[in-house]
1. Inspect the range B:11-33 for any residue being in contact with a strand residue (DSSP E or B) (Cβ under 8 Å, 6 or more places away or on another chain), farther than 26 Å from B:Val202 by Cβ and not in a strand (DSSP E or B) and give the result as yes or no.
2. Within the set of pairs 6 or more residues apart or between chains, which connect a residue that is in contact (Cβ under 8 Å) with a residue 60 or more places away in the chain and within 8 Å of chain A (Cβ to nearest Cβ) inside the range B:63-81 to a residue that is assigned to a loop (DSSP other than H, G, I, E, B) and small (Gly, Ala, Ser) with Cβ atoms less than 7 Å apart?
3. Could you pull out the residue among B:Ala490, B:Ala522, B:Ala506, B:Ala510 that is among the aliphatic types (A, V, I, L, M) and more than 21 Å from B:Val404 (Cβ to Cβ)?
4. Name the single residue, out of those in the range B:150-168 being surrounded by 15 or more Cβ atoms within 10 Å (Cβ to Cβ) and modelled with pLDDT under 85, that is farthest from B:Asn100 (Cα to Cα).
5. Can you tell me how many residues in the range A:574-601 are of a type in the set (Asp, Glu) and within 12 Å of chain B (Cβ to nearest Cβ)?
6. Can you tell me which residues in the range B:1-12 are facing chain A (nearest Cβ under 7 Å) and surrounded by fewer than 21 Cβ atoms within 10 Å (Cβ to Cβ)?
7. I'm trying to understand the selection: among the residues of the range B:387-400, which are farther than 12 Å from B:Val366 by Cα and buried (at least 16 other Cβ atoms within 10 Å of the Cβ)?
8. Quick one: would you say B:Gln519 is within 14 Å of another protein chain (Cβ to nearest Cβ), surrounded by fewer than 24 Cβ atoms within 10 Å (Cβ to Cβ) and modelled with pLDDT of 80 or more?
Amino acid sequence: MAISDYLTALDDEHLVALLRRRPDLASPSPVTLASLAARATSRSSLERALASVDAAVLQAVEAVVALAPDGPPSRERVVAAITGPSAGDGGTGSSPAPTLALPAAPGDGGAAPLGAATDASFVGRAVDEAIGLALVWPDDEGLHAAPGLAEILGPYPAGLAPAPTETRLTAPAGTAPTGASPAATAPAGTTPSGAIASLAAGPAPVVVPGDLPADERAVLDALTWGPPVGLVPAAGNAALPVVGRLLDAGLLVRGGARQVVLPRAVALALRDGRTHRAAARPPAPDWPVRRPDVVAAESASAAERLVRLVVRLVTAWGEEPPSALRAGGLGVRDLRALAHALDIEEAEAAFVVELASTAGLVADDGEERPSFAPTEDADAWLRRDLPARWAHLAAGWLTSERTPWLVGTRDERGSAHGALEPDLHRRWVPRVRAAVLDVLATAPAGAAPPLDDVLAVLRWRTPRNVPPSGAVTALLREAELLGVTGAGALSPAGRASPIDPSAAADALAASLPTPVDEVLLQGDLTGIVPGRPGDRLAALLDRTAVVESRGGALTVRFTPESVRAALDAGATADELLAELTAVARSGVPQPLRYLVRDTARRHGVLRAGVALAYLRADDAALLAGLPDDPRLAGLGLRLLAPTVLVAAVPPVELVTALRGRGLAPVMEGPDGLVVHAPAVRRRTRPRPQREEQPPDDEARLTALVARLRRAEAEASRDGAHEGGPSTVGGSGAGAASGRWGAGQEGLGRATGRGPGRSTGASRPVAARTGHAADAARGSEAPAGSPGPSSAARPAPDAPSGTADPAAALLLLREAAAERSLVWVDVVGGRGVLERRLLRPVSVDGGRLRAIDPAREAELVVAVHRIAGAERAS
Amino acid sequence: MTDGPLIVQSDKTLLLEVDHPKAGDARRAIAPFAELERAPEHIHTYRLTPLGLWNARAAGHDAEQVVDTLLEFSRYPVPHALLVDVAETMGRYGRLQLVNDPAHGLVLHALDRAVLAEVMRSKRTAGLLGARIDEADVLVHPSERGHLKQVLVKLGWPAEDLAGYVDGEKHPIELAQDGWHLRPYQEQAIDGFFHGGSGVVVLPCGAGKTLVGAGAMARSSTTTLILVTNTVSARQWRDELIRRTSLTPEEIGEYSGSRKEIRPVTIATYQVLTVKRKGEYPHLELLDARDWGLIVYDEVHLLPAPVFRMTADLQARRRLGLTATLVREDGREDEVFSLIGPKRFDAPWKDIESQGYIAPAVCTEVRLTLPDHDRMTYAMADPDERYRLAATAAGKHKVVDRIVKQHPGEPTLVIGQYLDQLHELAEHLDAPLITGETTERERERLYAAFREGTVPTLVVSKVANFSIDLPEASVAVQVSGSFGSRQEEAQRLGRIMRPKGDGRTAHFYAIVARDTVDQDFAAHRQRFLAEQGYAYTIVDAEDLGGAA
């Protein structure tokens, strides 16, 4: 009979039960029973089924597989193999009962008779369960493991070596088995002692001497319960002869060059015929139990705290959203800042961030430079009451696949995981979370199992699929932070959460202490709410005081800063005191009244506002008429003081308008002195990179001249280096185009004529161009210098260049866009001005990236080192 | 949920609602292990600290009692983690014991060997511990007894000092209780101290700490070294001892800058002990000059650091610390715990006041609005100068005037920090001035005249902060202080808190310049007293005494 026959023969009821237990068999729907059988014996389906069984069922399956070499075991044989022979009243199905137990059998020596009897029925049910899952199927011969199971369970099911493939032959007496192939069964004659333990663990009886020397016994003991493979000791090791004797006796066989194997039959004999040392039992919970009110109170205060943290997170990020890293996720510094702002550990901050994200309250805003900001849902969430907010967070947490506890740990490349990083998704998290919560949910009410016990239960429930202890620890901690547990026990709200969020909210509401609407204000400027403050009271205190301690009660302290913040938010001293009086059970003490009044008295003494120009006059009467003058209505005039008016238009416009009105205003500079500006004339910049300078700025001109002289001196020095003034009287046009730029040929030629005459020659040209700055340069620069030197190296501060930083940057950006060449004056490391011909690539983040064609190198220059730039024509 | 008077916060503060019917029971129950942090009018705040819990252990309370007390009086469920923490913290005390082994001498004995191993591995105990005798015992160099206790407190494993004390040289001292008796709380304080061996007694100023010292000396009946803050205080101790005990002037010596007498009872100043010449303390030999059986530290919250170091070497002698407040501006409370000893007695000021042993006091903060001119000067001043400017504002003179006039016939002290200001005030009020420069003889003469009533008003500098005994002074006006010192404020209030013959209320005024750092410092200074239940009334200087 095959498993397909078995499945075919199953009645509908059992078949339905099977499909319910192994849902993967039913979806997608199998076409035939044969294909169902094929799917049921596929490796993936078997793995999945095994992953879900508890330790007892797994033992049953292992026992069936382990006993299979001796023929399909009966149900009783399997039960006996797990519980031990003493319980094996039905374990004698096809084999003789054990005659003698080994006195020094390792292990726990079998359970007590009573325990063994209950074990037997327990294990029996486990076998039935295995059958129900079709991991094991029965027929007339006995129990069969589903095909493929043996491979999944590995080479040593239940720690037993595989049965020899050859037929079970008894080796001739006295011959030592040398190879690994035949089963080593030592005949009784080789043992000197009469104390013999023999057990029919199959057709081949095995006899193990009862009085083996201790060292030999120790070697066997080490291998008895598997794995059955040991390393051959190195030469010279005291254990080597021991192993040798055991090999000679056939109690071990060689399993390769360096290995010995405890033969299956020997192991079974040593094990008293058992496949397992003891029947697996669910851990008996002996857990501390918390009082229900303690659980409710602690979970409620945790829930309240967590919601408060998330609210603060949403508020903080709403004001200043942290930017998202390029790889996604939140930067370490932003997390640290958040932890600091919320006054919690970074690990907890990571949890809060992830929780808010899971609940859809914050998200990557998807902008070009992405940052994490509160979502629109957050506003709706903020409007709800505490229990509803919490239930929303808890619902998000229950299905979350995120692993915040990994934040800060390093991945295989050594980089630290950040919060909100896409990498922190793990598909298994919800399953493990459900398993952990189920441990708590199935425990007696109020039980607070320690971590190790939770792990023990999980190990029992799904031994083939034990969650990592780190994850279990973290999830338990998260549950506590969230208030799903309180003092380690599942809270009413936590119990309801997975079923129904609104029921969870109700349960939390029931756990929260009744809100108190009174505060006791005291002379030392503290206030105490002897319970949980109601929403309005909480909001009032939040606005006006700083929290000193939370818990059963709320303690706050009023400080000048906190009161000022309340005033900043628009309250007046009277309103504030009235509000406080309304909630203060014993009145507002005098020091607090003084604090509020004193703070209010100082509040707003200094006022700031926006104006574009001011108008002042000693004649108050003159000023008083202006704001109401209909002809000046567009100026936004406002009287600040009897002698000061402000305007909403720039000074130039103001002055023009007033002049138009027939008044005689003058403008004053920052120093209060009158600026004698002629009539204001509009100008536009001829070229953006040019300096725009008022023509009459004496100091500026002086400085310019000085700079020009320095530059000339430098140029002449360079010229000397290059072999003298080669261009003097020479190729004037060439020199001109390089030196002065395309628009200045006339001037260029003038200078090209050489030193002595340059001054006189340049002046008319400069005058013709009408450019005062150029005229100044033209008239002064060459005068004191030996003359321009090189066409290829124009001196710094040539007129088409610019030293104005903003204009220089603009020029560089344009050049980068056009890929054109620019002369750039760079202040070198030792403060020396250096002029280089560069092709800018980009100007970004305070740096110029450019290519130096002469050196064929790319260089990066900090913008603040650039003294000027000039287009190279 | 019970209707208890106590709310236990998760940050380990306990809030006690004082108007609750069970508040008294609750306070008595938590007093041994919780430290009173604030005692304003409605809700008193206590705090559970490791030191407080260890103090309780030292006094024989165990964690179970503490937990039961919290559960009994708490209104809301007590945070579970806090209970666990209480049990763990208390469990740390006394796992190590300092004992006298008959064979080996001073030995650190471990009830928990793992703790001993941990402590021995610590770098901090290097050099303090000697050879290991067996699994549970390690030799301790007798000279390191104090250092070791300090280190163990820092490591979180405070040792129980069971090594006992040297008996010291016997010297008969008796209290001469003729016409007066020790007050009940003084008896309790002496009992608490003697039972515990060494430790600190905390009593308000004016509550008779000197008598507690005298009582302890009588109980000990040994030669005694008394360490006090200054010479005036030394003289007052001597006078009080002569008056209250069987001691004669010949038996009491003064060891100060001016005199170096060593007698069966010797009173020394901290200052002379901490004089340092060529890197050495020349007067340390005083500590070994006799076989002292008791050492009394007056004003233990002022104990200078070198005296801590010396005290570390005096662990075999009984030590009594006296103070009005354990608040130390330098935060070295744990050194007081490990070197002098745990707190053995404490009574809230208001309790003693309600029993009539100290005068009831009314504290008033007078806010003076500076004239515009002064405000301008203040605003332009260097930040370092601002406090002095604000504190010495000229307008304060008039305020003092008015206050003095409001209390005609009452002995009044005007206390300040800045000498210029005090000189001006003395001139202004036509009152004598006592500063550090005043000679001892002149000081004593003026104090005597003040006591007799011939001098109604005294202007004093900070020399009068401590231990001057002016029982009839009932008005104190503080015009300036040393920045934000809380204990100074308490000490100054203490000057006027001796109970008055006619049961008068004492008045304490602090004059503060409004909207300046003076006001900020004043707020800080007042915190201790506000926490002790002294509510300051604020008055505008303009509203003060319409008569003036």
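The values are calculated or read from the model by the stated rules, or taken from the named source; none is laboratory data. As the structure is a computational prediction, the values presented were derived from the model and not from experiment. Here the Cβ positions follow ideal geometry from the backbone for every residue, glycine too, while neighbour counts run over all protein chains shown.
1. The answer is no; no qualifying residue exists.
2. Sorted first by the residue in the range B:63-81, then by its partner, the pairs are B:Ser74/B:Gly4; B:Arg75/A:Gly552; B:Arg75/B:Gly4; B:Tyr76/A:Gly552; B:Pro79/B:Ser10.
3. Numbers: B:Ala522 fails: more than 21 Å from B:Val404 (Cβ to Cβ); B:Ala506 fails: more than 21 Å from B:Val404 (Cβ to Cβ); B:Ala510 fails: more than 21 Å from B:Val404 (Cβ to Cβ).
Unique residue meeting the criteria: B:Ala490.
4. So, considering only residues that are surrounded by 15 or more Cβ atoms within 10 Å (Cβ to Cβ) and modelled with pLDDT under 85, the one farthest from B:Asn100 (Cα to Cα) is B:Gln150.
5. Of the residues in the range A:574-601, 1 are of a type in the set (Asp, Glu) and within 12 Å of chain B (Cβ to nearest Cβ).
6. Looking only at the range B:1-12, we keep the residues that are facing chain A (nearest Cβ under 7 Å), and these are B:1, B:7-11.
Matches in the range B:1-12: B:Met1, B:Ser10, B:Asp11.
7. B:Tyr387, B:Arg388, B:Leu389, B:Ala390, B:Ala391, B:Thr392, B:Ala393, B:His397
8. For B:Gln519, the condition - within 14 Å of another protein chain (Cβ to nearest Cβ), surrounded by fewer than 24 Cβ atoms within 10 Å (Cβ to Cβ) and modelled with pLDDT of 80 or more - is met.
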